[in-house]
Structure formats: C-alpha cells, structure tokens
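Everything below concerns the one structure shown next.
The values are calculated or read from the model by the stated rules, or taken from the named source; none is laboratory data. Since the structure is predicted, the reported quantities are computational estimates derived from the model, not experimental observations. Every residue, glycine as well, gets a Cβ built from its backbone with ideal geometry; the counts of neighbours run over all protein chains shown. Calculation scope for accessible area: heavy atoms of the full protein, side chains included, ligands and nucleic acids excluded. Shrake-Rupley method; radii C 1.70, N 1.55, O 1.52, S 1.80 Å.
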Amino acid sequence: MIRNYFKIAFRNILKNKGIYSINIIGLSFGLATCLLILLFILDESSYDKFNQKADDIVRVVFKANVGGEQISEAVVMPPVAQTLESEFPEVIDAVRLRKMNDPKFTYNNKHFRDFEFAYIDSGFLEVFDFDIIKGDSANPLENPNSIIISQDQANLYFGTEDPIGKNLSFEEGDKQFTVTAVFQEISKKSHFEFDVFASMNGYEYANSTSWVNSDFHTYLLLKDGSKYKELEAKLPTIINKYMGPQIREALGVSYSKFKDENEVGLFLQPLTAIHLNPGFVSSGDLKPGMDVKYLYIFGAVALFMLLIACINFMNLATAAASKRAKEVGIRKALGSKQNQLIKQFLIESFIATIIAVVLAGLLVFLFLPTFNQLAGKAFEIKDLLQFSIVILTLILIFIVTVLAGGYPAFYLSSIQPILVLKSKFTTSGKSNLRNGLVIFQFVISAGLILAIIIVYQQLAFIQNKDLGYNKDHILVIRDAQLIGEQRQSFINQVLEDPKVKSITNSSFLPAGETDVSMSGVLLGDEYQRRMFIYNVDEYYIPTLKLKLLEGRNFSKEFGAEQDKVIINETASKSLGFYEDPIGKTFTQDTNEGGQLLTVIGVVKDFHFKSLHRKIEPLILKHNPYGGVIIRTNTADVSSLLTSIESKWQKINIKQPFSYTFLNESFDNTYLKEKKMRDILSVFTGLTILVACMGLFGLVTFAAERRVREIGIRKVLGSSVPEIIGLLSKDFIKLILVSFVIAFPLGYFLMEQWLQDFAYRIEINWWVFLFAAFITTLIAFGTIVLKSFKAAIANPVKSLRTE
Amino acid sequence: MLLELNHIYKWVKSGGRRVFLLNDLSLKIDEGEFLSLMGPSGSGKSTLLNVISMLDAFEEGEYYFDSEAVHDLSSKRKTGIFNENIGFIFQAYHLLDDLTVYENIETPLLYKKIKSSERKALVADMLDRFNIVGKKDLFPHQLSGGQQQLVGIARALIIKPKLILADEPTGNLNSAQSDDIMGLFKKLNQEGVTIIQATHSESNAGYGTRIVNLLDGSINKN
Ligand SMILES: Nc1ncnc2c1ncn2[C@@H]1O[C@H](COP(=O)(O)OP(=O)(O)O)[C@@H](O)[C@H]1O
Ligand SMILES: [Mg+2]
C-alpha cells in the first residue's frame, strides 16, 4: 500500500508539474534561506560557548549616569575582582584581564608590533578554556614577568627554536618577559582574541586600590547553579562600602550627596551574552559584537520566506480542490477510508518537501560563497551537519509537510462521497482562507519593501550628512606615532609633494581606529562631567576642515599653548558658557591634579563619534603627538602613496608602511547596517519572488476556472484589457488590503530600528506610496503575465470543449 | 431477500417547506434480480440508488439490507457494508484519471488490504474477462467511452459484490456500446450478481428481470 501511495503521489506531482514547480522552487528558496540564516544565527549565538564553564562565568561591567553623562563600560576598577571573591561565597574565582595597546617586543634585535597583548590573573587560565601545547601547563603565569604566547607568535619570534624559557624585551626594554608556555590560538568564537598573555603579578597597576579608575575586564566564576541576578542584586552594597569613601576624596562631595544626583553601579553579564550585547562596543569591549536585534530580523525574514512558500502550497492546493475533491469522492466510493486518504495526501506533500529539501541543499551549496561574502563569514557545507541544524531540518520537513499537505489531507479527505457523486461539491473560486493567506503574503512583501526603502534612505542620509568635518581626501598614517623624533622631518618631506594640502599630527580621528581620551572637568571646585579630549596641533582644524565659530586656532605665534583649549559647541553649552566663551576657564582633572585651561576658540559641533550617538562635549588641546593625518588635493593618490612609502622606508623603522582613508573608515562604521541592508535586500527579493510565483499559480487557476466565461465574454465583444481587468481585480483588492496591515506594522518596526540612530530620517508619507506602488507593480505584472495569455486565447477553442 | 425498503421518505427543506425526493417508497429486491429503475428525469432514480448504496441518508422509513436494519446503523458500519457488498457504476465512469486501467481496477483491492499476489491474480482475471488485457497500461483518456465504462464495471466487480448499482451506465454511450454493456450485465446476473440500474432506455430495461417505474419520488404502479 505504501508503495502505491508513493507511486500515486509521484504521478500526481508529475502531472501537476506547473503547480508543483512553483511549490517546490518556492519551498526550496525558503528552506535554503532558512538553512543559511540558521547557520548565521547559530554561529553568532555560540560565542564563548566552547568554554566548559561558560554557563557559570559572568563579566562585571560598570554603568553610571554622572552629571547627565551615560557611562557603560566593559571594564571595572582594579580591586573589584578581589573584593567580590572575598565578599561573596558564591564567587569561586574572580579573574582580571588588562589589555595593553600598541605593544612592542624585541627579540634578537628584531621588533614585533603586530599582536594583541594583555595581562591576566593566573586563575584566568583555569576559568577559561586554554589549550597549552608546550611548556608549563599547570600554572605558567605564576611568576612575575612570565608570559604565554600563541603558537603563531611562537613561530614568528623563534621559528623552529624551542620558545620555552626564551626572553622577550617589552616596549623599549621596560621589561623582560620569559616565555613559560605556548597555547593553541584562541577560538575565533571568543569575545576576546589575544596572542600574548603576561602575568598580572608583575603589573603594578593591578595592585591599585582605586575605586575610581576602571581598566580591568573582570570575570567571575560562579558556583554551579547560583543565579547571577541574585548576586547582582547585592552589588550596590559593595559600591557603598568601597567606592563611597573614595568618591568623597576624589570629588569633594559626600557619597550620599553624589548618589542623590548620580547613579553608579556594577552589573553582571553572562559570558555567553557578551557577544550579542553590543552596549559596550565603544567602551572597552574586546571585539565588536552582534546586536541580537539583527539576529531576530534575519530569523524573521527566513521564517517569513518559508511561510510564504508554505502558503503557496496551501493556496494552490485549495485552488486545485475541486479537482481533488472528485478524486476523494471516487476513492471513497471504492472503499478508501479517510485516514488512507490523509496518508496519501501527506505522502504527496512529503515527497514534494523532500524534493525541495534536496534542491535547497543544492542552492545552499551553490550560494554559500556568496552568502559568506554577504555575511562576512566562512561557512563550509559540512557546517550544515551540526546536530541542531539536522534536527531542525527534520522538524521543518515535518512542519512543512503538514502545512503544505494539510488542506487536502484534513479537509478534502473528509468530504462525503455522495456530495461529489451528486456533483454538488463545487469549490467556488472564492475562499476566505485563501484570500486571507494571499493578504498575509503581501503584508510581508509590502512590509519588507517598505523596510528596505527606509533602510536605504537612512544609510544614504548617513552617507550624505554634513558631519561638520570633511572626510574625503584624508589619508591617515596612525603608525607614524612610532617614528619618534624623526616625525617632524617626515612630515616636512611629505609636505613637499604638491598633492598634499596639509598635514596634522594627531591620533584622534572621528571615524575608524582612533585614540580615545577622557577627563573629568571641573568649574572651580565643582565637578561637572567627563569630556572627550582630542590632542591635536594647529593644523588639525584646517586639515579636517572643522569650522571655527568663535575665537582663534592654535598658533605658533603664541608660543606653547598647553593650557589653551578649543571646545566644541556642546562642551561650551555643557559648561554654561553662553555669552562669550572666549577667555573662560575650567579645570581638567588629571592624574597630577587639576590643570586650569583657557578657552581660545569654539568649533562647530562635528560628528566625532558614529551617528548612532549624540554629539558629546569635546575639548581640543594643543598637544601634538601620535599619528599623521594628511589632506590631499586629489582623490588620485597612488603616486603620492608610493612617494610617501619611499620616505617612510628611508626612516630607519621596521614597521611596514600602512595607511587608511578616513572616508573608508567612516563607511566601515556602518558595516553592520550595510550588511543588514544587503542581506535584507537579497532575501526580500527572493521572498517577493516566491510570493509572486504563488500569485502566478492562483491566476492560472482563476483563468482555467473561468475559461468558459472568458470565452463567452470575448464572443460578446469584451476587449483584452477588460478580460485582464476581470482576472486581476480580485487580487489587486487583496493587495490593497494588505497595505492597510503592512504599513502601520512596518512603520512601527522601522521606527524601532531608527531609534538606534541619534541622527536619523523621519519616515515620510511618500515612502508608503512608493512601497505601495512597487508592490502593486510587481503583483500586477505577475497577474498580467498570466491573464494576458488567457485573454488573447481563441474563444472558439475554449467553448468547444465540454 | 437481499434488501427491503419500507415507507422511505427523503426530503429537503426549501423555503420552510418540505420538497420530497422520495415519498413513501417501499421496495423489496431478492437476490439474483436484475432490476431496472425507470422514470423521467428528476423522478428520483439517482436518489433511490444513493439511498440503497447507503452513501446517502433518508429522513423516515426502514431499510433492511441482508436483514440488517440500515436505518439504525452507525455511518461507519454503513460504509463497511457498502465496501463489502456493493459495487457502484457511474454514468460519468468516474475513473481515476491518473491511474492506468490496471491500477484503476486494482484500487478497491488496495483499500481492502489484499495481498499483492492475490491482487495480481484478481486483476488479471478481470482484464481477461472483459477482454481489455491489451489496454491495461493505458490511461482513461486514451480509451473510448464504452471501454471506460467496461473498466468502471470491472472495477466495481473486483470486490465480488453481491449487489451492483448502476446509475445510467450507458447514458454517455452509443447504442452498440450500450448493447455490449447490457449483454455483460445480463451475463453477470446469470452468474448470480444482483443488479439495480437506473435507465431511460426501454431497450436497456428489457435486459432486466423486473422494471420499477418512478415518478416524483414514488413508485408509479401503472
Ligand atoms: N440535495 C438536493 N436538494 C434539492 N433537491 C434535490 C437534491 N438532490 C436531488 N434533488 C432533486 O430531487 C429530484 C430527484 O433527483 P434525481 O434522483 O437525481 O432524479 P433522476 O436521477 O431520476 O433524474 C430532482 O428534482 C432533483 O433536482
Ligand atoms: Mg439521475
């Protein structure tokens, strides 16, 4: 019997090739999308899970609102780890990591700079999974000045020599480190990646008892089964106890008064949630994360597409119902039981689903490289064989089989044979279920089109926004900070090139990699808030084309100007310098005590952070050091680059010449959004294609069912456009209804997305019109494609049959 | 006696009034009869056949099939009796378009879960008997109307029914084809199968052993 079911099912599929190709192709698109996006989502949500103790590890983070400034930092104060471990029994271990920027090793007179370096507490290697492949695997970081290095670094420094016991000179001979172990490279799916770890034991700052400086990534290993939320609830007492007294000392206000006006707190973040929680990206996170919101968006798109494909299946099944109903009646009259018919219909949809799965596999195979490019991943086909994907595929096969075959299996099979034999059973062309499902499909299609338009608009807005500085024709050589004394002569040489307009010496940039500096600011004795500091020279403002609103630029004429500053408008407002800011003074809180600064100019606000964030107060100080920023006269800089490179090489420096373009760095700031735009565009296109395939099928049925009517109307003199109108009218109505649902929904969701940007577009009424127009155009095109054929058919032919 | 209908009423409501499709209809049919139901279009022939088949219900009256009280039976049991005992032949043949001649005939056996070897033998027998062995792999649309009806009959007979119900089996056929089918019915009847057919044609009715005339859902005694 089963064999017979399969035989009949195959034959039915073959016989209804047209309909089934629509179903199967649509379904395979849906499934392929699901598989790809599933790969992506699983990958993104599996960060740090390779650690055996992952579920018991939390990170301590700092959040505060001080003087109206929202602070959230992934790093906390040096004593936090030790304090929490001794105060709370549920904390088994507390370990810290302190990242050092721009490290430099010297070995055998060779310099190495291109590596990531951090100090860690020795327990760090116990809490996180490390694979020590050479050397002391028990406690390699016990002694001060011991380091462990990755396999790749070991090869780089020592080649074939045994790295264990070798000494590396750190920075300019500040320290000597001894290699005690070599570890396997840290997984790419970790929220941190370092090449070298040094023992925290020899690191002075680690012993600091300051509760006002945050620099340490701090992780807690909790007792199995203890709830981190419960521990988190106890942290305010710690802040009171330890931070309170120091606040009074540092700020000169009592802690209780400070607490009335400000909020400070330590919070906990599960290790496995770090990657999907991008709140700390700009404040100490070790790697850019992935906003979980985007995973939801992608997941929704994949599901929508699958749903639309299933709906095609259901719709076309209902449209074919009158034909299938007759078969049901006959079979029942021949002795078939309902469950036998259910089986038969389900086997039919099962086979179709399996074909679609195979096709989907093929599609994934073909498009995996494209997808990898789009998503910035390196998936391989074998990644699909993960347990969860296989299980999910099986579940999907089951669900799709039931959804797709559900209508004939459960509804048609219940038809009484007598109804069919009396030919009383006619499925009319109209079906509320089908109409509902078509509306649903177009709600999704129109909604996605709307979303895409808005995403494009916002990104174009960012691209074209007046940033307050000019990002074009700017060449950045951050490594110039390494040149040391010869920097000025290097700058002078480069300036000789006629293509160079100006050069400024600074490592502070409004986009891309940049130095960051912040300081507390006081007016008199009164603590105000922290402000960003840019250390620049007198060429910074002209080179970046900032606009000076008041006062003057730094100038050699006035000698050393260390105590002079130029501030941005926001800083000026924040400090209450409304009338005449020039000549006003304030105090910068530095490690060596306060420094009194005098305002000599105000620059127009410029976006020195991404457009996700509101412009904050900024202080430009005359303190040239670091990298070199070059404004060129033209965009064609290839010859300039060669000439700069040759000058670079003449300086005796091992570092290879490297540079970035500011506008490219700027573009990269919005990579996440662009990635989303591209992925969304591709899958929206596919989703609409699948929806239109379904529509095409439905129009085919409608035209078939009404072939006699069309024939008669034509004989009576109806024109081709009138016939097309007749056939499309009902569908167009459904599509219009779908707008009514799609647009408010789309508006609401896209508003949410736009909230992420401090600088954003407003959603305009014409966007809706445009989305409606495009959707209608696509749908109508599909309908006309099919109904035109029906409309031009020779009526005599259709009337002769029967 | 094979079946007995006593005072059967079947009606539909139309505008609050009852429209009688079968009106106080009583009929006894013995095993081995070949009965022809005659009467003008709309007189209730099909309705009566459907009621006898148990596929359709009636509002009042008693119906005994093989001494079982059909009016008291569950619909499941009725379907069971129908599947065991009755073969139905349709005016429009109602072959399954996607199945070959062979498969069409085989289908009722599949639903009865008969073993493959036995099925083969039974279907081969039937093809032989109706002289359509050569057509066994053709699809319905490749056959003439008469041939299609032959397949329909073979399919009805394959479960060895006690009773054959045929609703205008030759309604779509020409007179030569029609005579062939009637000859076949006669032969089946002589082999012991009870047949009830609805027909408009006097000559078709002539093949049978008894004629019942219907008018407006009642037996016309004239
Ligand atoms: N479900 C129904 N509702 C209303 N009228 C019906 C129904 N079924 C049959 N009829 C009517 O009952 C009468 C008998 O029909 P039928 O048994 O098909 O006649 P015959 O087969 O003799 O031509 C016809 O007038 C038909 O229109
Ligand atoms: Mg009739």
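Scan the range A:339-348 and tell me whether some residue there is assigned to a helix (DSSP H, G or I) and at the interface with chain B (Cβ under 8 Å from one of its Cβ atoms).
Yes, the conditions are met somewhere in the range A:339-348.
With the requirement that a residue be surrounded by fewer than 19 Cβ atoms within 10 Å (Cβ to Cβ) and more than 9 Å from chain B (Cβ to nearest Cβ), what does the range A:326-338 give you?
Hit for the range A:326-338 is A:Gln338, nothing else.
Which residue, of B:Leu48, B:Leu22, is within 16 Å of ligand 2 (Cβ to nearest atom), within 20 Å of the chain's Cα centre (by Cα), assigned to a strand (DSSP E or B) and under 25 Å from B:Pro169 (Cα atoms)?
B:Leu22
Somewhere in the range B:112-132, is a residue within 22 Å of the chain's Cα centre (by Cα), closer than 19 Å to B:Phe82 by Cβ and surrounded by fewer than 19 Cβ atoms within 10 Å (Cβ to Cβ)?
Scanning the range B:112-132, I find at least one residue that is within 22 Å of the chain's Cα centre (by Cα), closer than 19 Å to B:Phe82 by Cβ and surrounded by fewer than 19 Cβ atoms within 10 Å (Cβ to Cβ), so the answer is yes.
From the list A:Gly685, A:Gly694, which one is of a type in the set (Gly, Ala, Ser) and within 25 Å of the chain's Cα centre (by Cα)?
A:Gly685
Out of the residues in the range B:1-32 that are aromatic (Phe, Trp, Tyr) and open to solvent by 40 Å² or more (accessible area, probe 1.4 Å), which is farthest from ligand 1 (Cβ to nearest atom)?
Step by step, filter the range B:1-32, then rank; the result is B:Tyr9.
Among the residues of the range B:34-54, count how many are more than 15 Å from ligand 1 (Cβ to nearest atom) and either surrounded by fewer than 18 Cβ atoms within 10 Å (Cβ to Cβ) or at positive phi (or both).
Count: 1.
Go through (1) within 13 Å of chain A (Cβ to nearest Cβ); (2) within 24 Å of B:Tyr9 (Cα to Cα) for B:Tyr64 and report which single condition fails.
(1)
Can you tell me how many residues within the range A:316-349 are touching a Gly at 6+ places or on another chain (Cβ under 7 Å), of a type outside the set (Asp, Glu) and modelled with pLDDT of 85 or more?
Of the residues in the range A:316-349, 3 are touching a Gly at 6+ places or on another chain (Cβ under 7 Å), of a type outside the set (Asp, Glu) and modelled with pLDDT of 85 or more.
Pick from the range B:82-92 the residues that are at the interface with chain A (Cβ under 10 Å from one of its Cβ atoms) and open to solvent by less than 50 Å² (accessible area, probe 1.4 Å): which of them is farthest from B:Asp66 (Cα to Cα)?
The qualifying residue farthest from B:Asp66 (Cα to Cα) is B:Phe90.
From the list A:Ser322, A:Ser349, which one is open to solvent by less than 20 Å² (accessible area, probe 1.4 Å) and assigned by TED's automatic domain parsing to the domain that holds A:Ile24?
Going through A:Ser322, A:Ser349 in turn, the sole match is A:Ser349.
Suppose we filter A:Phe586, A:Phe577, A:Phe608, A:Phe558 for residues that are touching a Pro at 6+ places or on another chain (Cβ under 9 Å) and among the aromatic types (Phe, Trp, Tyr); which single one remains?
Checking each option against the conditions leaves just A:Phe608.
For (1) without any contact (Cβ under 8 Å) to a residue 12 or more places away in the chain; (2) surrounded by fewer than 20 Cβ atoms within 10 Å (Cβ to Cβ), each residue gets a yes or a no:
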| position | (1), (2) |
| --- | --- |
| A:Leu548 | no, yes |
| A:Arg552 | no, yes |
| A:Asp563 | no, yes |
| A:Gly576 | no, yes |
| A:Ile582 | no, yes |
| A:Thr587 | no, no |
| A:Glu592 | yes, yes |
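Any idea which of (1) within 30 Å of B:Asp128 (Cβ to Cβ); (2) part of a loop (DSSP other than H, G, I, E, B); (3) away from ligand 2 (no atom under 16 Å from the Cβ); (4) in contact with a Leu (Cβ under 9 Å, 6 or more places away or on another chain) is the one B:Phe58 doesn't satisfy?
For B:Phe58, the exception is condition (1).
Return the residues of the range B:25-45 that are away from ligand 2 (no atom under 16 Å from the Cβ) and under 28 Å from B:Gly183 (Cβ atoms); say none if nothing qualifies.
The answer is B:Leu27, B:Lys28, B:Ile29, B:Asp30, B:Glu31, B:Gly32, B:Glu33, B:Phe34.
Return the residues of the range B:98-127 that are facing chain A (nearest Cβ under 8 Å) and touching a residue at least 24 places away in the same chain (Cβ under 8 Å); say none if nothing qualifies.
Result: B:Asp98, B:Leu99, B:Thr107, B:Pro108, B:Tyr111, B:Lys112.
Name the residues in the range A:56-90 that are of a type in the set (D, E, K, R) and out of contact with any strand residue (DSSP E or B) (no Cβ under 8 Å at 6 or more places or on another chain), would you?
If the condition is that a residue be of a type in the set (D, E, K, R) and out of contact with any strand residue (DSSP E or B) (no Cβ under 8 Å at 6 or more places or on another chain), then A:Glu87 is the only one that fits.
How many residues does the range A:110-165 contain that are assigned to a loop (DSSP other than H, G, I, E, B) and over 33 Å from the mean Cα position of the chain (by Cα)?
Final tally of qualifying residues: 18.
Would you be able to say whether some residue in the range B:59-81 is open to solvent by 30 Å² or more (accessible area, probe 1.4 Å) and within 13 Å of ligand 1 (Cβ to nearest atom)?
There is at least one residue in the range B:59-81 that is open to solvent by 30 Å² or more (accessible area, probe 1.4 Å) and within 13 Å of ligand 1 (Cβ to nearest atom).
Which helices (runs of 4 or more DSSP H) does the range A:1-89 wholly contain that include 3 or more residues that are over 30 Å from A:Leu680 (Cβ atoms) and within 14 Å of chain B (Cβ to nearest Cβ)?
A:2-15
Which is at pLDDT 90 or above and either buried (at least 19 other Cβ atoms within 10 Å of the Cβ) or out of contact with any strand residue (DSSP E or B) (no Cβ under 8 Å at 6 or more places or on another chain) (or both), of A:Leu286, A:Leu235, A:Leu220?
It is A:Leu220.
Matching residues to (1) closer than 30 Å to A:Pro656 by Cα; (2) in the same structural domain as A:Leu611 (by TED's automatic domain parsing):
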{"position": "A:Tyr411", "(1), (2)": "no, no"}
{"position": "A:Ile439", "(1), (2)": "no, no"}
{"position": "A:Gly447", "(1), (2)": "no, no"}
{"position": "A:Ile483", "(1), (2)": "yes, yes"}
{"position": "A:Thr504", "(1), (2)": "yes, yes"}
{"position": "A:Gly512", "(1), (2)": "yes, yes"}
{"position": "A:Val521", "(1), (2)": "no, yes"}
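Within the range A:379-402, does at least one residue satisfy the condition of being among the basic types (Lys, Arg), more than 14 Å from every other protein chain (Cβ to nearest Cβ) and open to solvent by 40 Å² or more (accessible area, probe 1.4 Å)?
Yes, the conditions are met somewhere in the range A:379-402.
Would you please list the contacts, defined by Cβ atoms under 6 Å and residues six or more apart or on different chains, that run from a residue in the range B:39-60 that is at the interface with another protein chain (Cβ under 9 Å from one of its Cβ atoms) to a residue that is polar (S, T, N, Q)?
B:Asp56/B:Asn50
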